[in-house]
Structure formats: C-alpha cells, structure tokens
Amino acid sequence: MARTLLVVDAACDMPTVWLHNHHVAVVPVLVQRGQDTVIDARDDTQSAYFIRHELGVGGIEGEIEPLSPVEIRDHLQSWMTHSIDYVVQITFAADRSKMYVNSLQATQSLVLIHNKVRRSIGNRAPLNARVIDSMTGLTGLAVLLAYAVHLRNRGVAAPHIATSIETFRSIVHTLIVPDDLRYLHQASQQKDSMPGWKYLIARMFNLRPVLYAGSGDIHAVALVRHTENAQEHALALATKHVALGLATPTVCVSYAGELTELYAMPAFEALSAECRRRRTELIATVMGMTGSIRLGPRALSVSFASERFLP
C-alpha cells in the first residue's frame with residue numbers, strides 16, 4: 001500500500017500527543033494581535049498558556065492568518081520522505097479561511113517538485129495530493145481527522161480516503177458554547193452578521209447561544225441562560241446522539257480553559273459514561289489558539305458524526 005501523509009492545520013482541536021502518535025502533519029497558522037504575531041502550531045502547552053495569560057490582555061481583537069502557499073509547501077517538505085506517495089490535507093472551512101486556497105497552491109508546487117526528483121532517481125510512481133475543505137473547524141475538523149486516520153490504519157487507499165472524507169463531512173456536527181460574548185461579537189463583525197441589538201439583549205439577560213456548525217452552516221439551536229446551563233445543553237445533546245448511535249465511534253471536545261474544569265462538569269461525566277458504554281472514543285483537549293481567540297475563554301466545542309442531527 002502507498003504511504004499516505006495526512007495533514008491538518010492548527011485549527012484542528014486534537015491533543016498534541018494524539019497527532020504525534022498518529023503521524024499527522026500540522027500546518028501552523030499565524031495569530032495577529034495588534035503589532036504582535038504568534039505562530040500557532042497546535043501545541044497543547046502553548047494553547048493553555050495563551051488562554052491563561054494572554055487571551056483578553058490588551059483587548060479582544062485578533063485575526064487568524066494562514067501561511068502563504070510557499071510557506072505551507074516548505075513546511076510540508078519537512079514531512080516528506082521517499083516512501084510517501086500520497087498527501088491528503090484537510091483544511092479549516094474554506095469560506096472562513098484562506099488556508100484551503102493557499103494549500104491548493106502549495107500542494108501543486110509540492111507535487112511538481114517531488115515528481116521531478118522522483119523521475120531523476122528512477123522512481124516512476126508519482127506523488128499525488130488532495131486538499132479537502134472540511135467545511136468545519138475545531139473539534140469538527142478533529143472528528144474528520146480521526147475518521148481519516150481510522151481509514152488509513154485499515155489500509156484504505158488514499159484516493160478512497162479522500163473521497164470518503166468529502167462524503168463524511170456532511171454528517172459531522174459541532175456544538176459551540178461561548179462564554180464571553182464580546183469575542184463572538186467581534187468575530188461576527190468580521191465575517192457574519194450579528195446585529196448589535198442581539199448582542200446587547202443577550203448580555204442583558206445573561207443568555208448564551210448554543211451554536212450549531214456543520215456543512216458550512218452556523219446557526220443557533222438554543223438560547224440558554226447562564227454559560228453552565230448552555231454547556232450542559234450542548235454536552236447533553238452529544239450524549240443523546242452517542243446513545244442513538246454514531247456514524248464513527250469518536251467524540252471530540254475542546255475547552256478554552258483548564259481541563260479540570262471540563263472534567264468536573266456533570267454533563268461531561270455523563271457524556272464520558274455513555275461513550276464508555278457505547279465503546280466510543282472520547283477525546284478532550286485544550287481549545288487551540290484559533291478557536292479561543294474567536295470564542296474567548298471558557299468556550300466549549302463538542303463534535304460527533306451522525307447521519308441525523310436532533311436539536
């Protein structure tokens with residue numbers, strides 16, 4: 001079987017150890033805050049430090065910028081070996097980041113360079129690459145990656161892995177609960193339309209939205225008083241879908257804070273118990289810098305794959 005290199009960007013909320021153990025390449029992104037630029041390489045320790053000490057310091061504004069096509073290509077070069085015949089990259093949602101477009105250009109250049117080298121040493125097997133728009137991010141991207149790793153470990157050929165991911169992404173569901181609505185408002189000002197009056201009313205009555213993200217769509221499925229109740233609502237929805245049966249036995253959760261706070265939530269304990277009962281892998285991690293700067297501290301994201309979504 002051809003060796004397949006799986007690639008994601010730093011917006012994928014997966015634990016660093018998990019990524020390392022499954023030999024997944026991570027393309028960094030740039031976090032711009034005023035005059036400062038921080039490289040987000042999807043490192044748990046770095047993310048935890050950023051949330052604890054830097055998030056919110058000097059204002060809440062911040063932008064996420066992908067590497068240039070040349071920088072992405074050069075980064076992928078460091079992962080390439082002669083035994084790799086196929087590269088499958090899954091990117092953050094294309095309608096919310098330039099990572100997909102930049103990665104397309106990067107892999108085209110990568111393939112051209114490596115195929116010239118291969119021919120020069122008598123290797124007639126061409127290097128191939130596919131870049132896939134996940135149409136999601138954070139833990140949703142993590143669920144897609146876990147599915148891709150599962151297929152690769154089963155020996156599925158790379159072209160079939162890519163095709164399967166493009167089909168599978170439509171049934172990946174993500175529930176997001178922000179705590180500090182200023183971050184959501186700031187992010188919405190840049191991309192979506194979040195009227196100021198909705199923001200003011202939500203803050204006035206201490207309401208927190210439970211946001212649904214999937215297949216390129218983001219909307220609120222519930223509006224709940226107090227952050228703790230909204231988080232319980234999101235985790236309970238995930239638990240219900242685990243009980244009904246998932247399309248792949250993986251649930252991913254990220255939290256923009258100390259993981260001890262997440263583990264202490266009764267709703268997370270219930271989700272963990274249901275996952276054990278259903279033999280479903282529950283992966284919890286610190287939310288990456290990409291998610292936390294858009295959603296703020298104490299934000300929660302939980303994702304799973306199901307052929308139906310019941311809000």
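The values are calculated or read from the model by the stated rules, or taken from the named source; none is laboratory data. These figures come from a predicted structure and were not determined experimentally. So basically every Cβ, Gly included, is an ideal-geometry build from the backbone, and we count neighbours across all protein chains shown.
Observations on the model:
- Within segment 241-272, being part of a helix (DSSP H, G or I) and closer than 26 Å to Pro297 by Cα holds for Leu259, Thr260, Glu261, Leu262, Tyr263, Pro266, Ala267, Phe268, Glu269, Ala270, Leu271, Ser272.
- Tally, over segment 207-265, of residues that are β-branched (Val, Ile, Thr) and at pLDDT below 95: 5
- So Ala284, is it over 17 Å from the mean Cα position of the chain (by Cα) and of a type in the set (A, V, I, L, M, F, W, C): no
- Residue check for Val27: closer than 20 Å to Met99 by Cα, modelled with pLDDT under 95, in contact with a strand residue (DSSP E or B) (Cβ under 9 Å, 6 or more places away or on another chain) and surrounded by 14 or more Cβ atoms within 10 Å (Cβ to Cβ): no
- Of all residues in segment 18-47, those that are in contact (Cβ under 8 Å) with a residue 24 or more places away in the chain, part of a helix (DSSP H, G or I) and within 30 Å of His82 (Cβ to Cβ) total 1.
- Taken over segment 210-240, the criterion of being assigned to a strand (DSSP E or B), of a type in the set (A, V, I, L, M, F, W, C) and surrounded by fewer than 20 Cβ atoms within 10 Å (Cβ to Cβ) is satisfied by Ile218, Ala220, Val221, Ala222, Leu223, Val224.
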